[in-house]
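No lab work stands behind these numbers, since they all come straight from the coordinates. Computed from a predicted model, the values in this text were never measured in an experiment. Virtual Cβ from ideal backbone geometry, glycine too; neighbours counted across all protein chains shown.
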Amino acid sequence: MTTELSRQKVAQAWCTPTTSSKVMDSELAEAFADILDEIWSKPWLGNATTEELLNELRARCEMNGTLNYKTVGG
C-alpha cells in the first residue's frame with residue numbers, strides 16, 4: 001500500500017524549475033511511490049519497526065558470535 005508521504009515526495013518531482021512544464025504521468029508516479037515505500041521500510045534506512053531492528057541486531061550478533069555476550073559476570 002502506497003503511503004501519502006511517498007505520493008507527495010514523488011509529486012515534488014513535477015514541481016522543480018526543470019520539470020514543472022511536464023505533464024504528470026499518474027501511473028508512473030504511483031509506481032515510484034511504491035518503490036519509495038519499499039526503500040523507506042528497510043532497516044538500514046532508519047525507518048524500521050522495532051521488530052525489524054531487533055531482528056537485524058540479532059542476525060548481526062549471531063553472525064559474529066556475540067549473541068550470548070554478557071556485560072557482567074562470567
Response to the item:
FRET efficiency for Arg58 and Cys15 from the Cβ-Cβ distance with R0 = 35 Å, rounded to 0.05, comes out at 0.25
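For the chain, what is the calculated [θ] at 222 nm in deg cm²/dmol (nearest 500), taking -39500 (n - 2.57) for each run of four or more DSSP H residues and dividing by its residue count?
-16000 deg cm²/dmol
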Worksheet, complete the sentence: With 0.36 nm assigned to each residue of separation and the Cα-Cα distance removed, Asp34 to Lys70 gains 8.8 nm
Worksheet item: Summing Lys, Arg as +1 and Asp, Glu as -1, what charge do residues with Cβ under 13 Å from the Cβ of Phe32 carry, Phe32 excluded?
Response: -4
Practice prompt. Relative to the compact-globule scaling 2.2 N^0.38 Å, provide the ratio for the alpha-carbon radius of gyration of the chain.
Written response: 1.76
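Sorted by average packing, counted as other Cβ atoms within 10 angstrom per residue and highest first, what order do 14-20, 55-61, 3-9 take? If you can, show how the numbers build up before the last one.
Numbers: 14-20: 9.1, 55-61: 12.0, 3-9: 13.7.
Top of the packing list down: 3-9, 55-61, 14-20.
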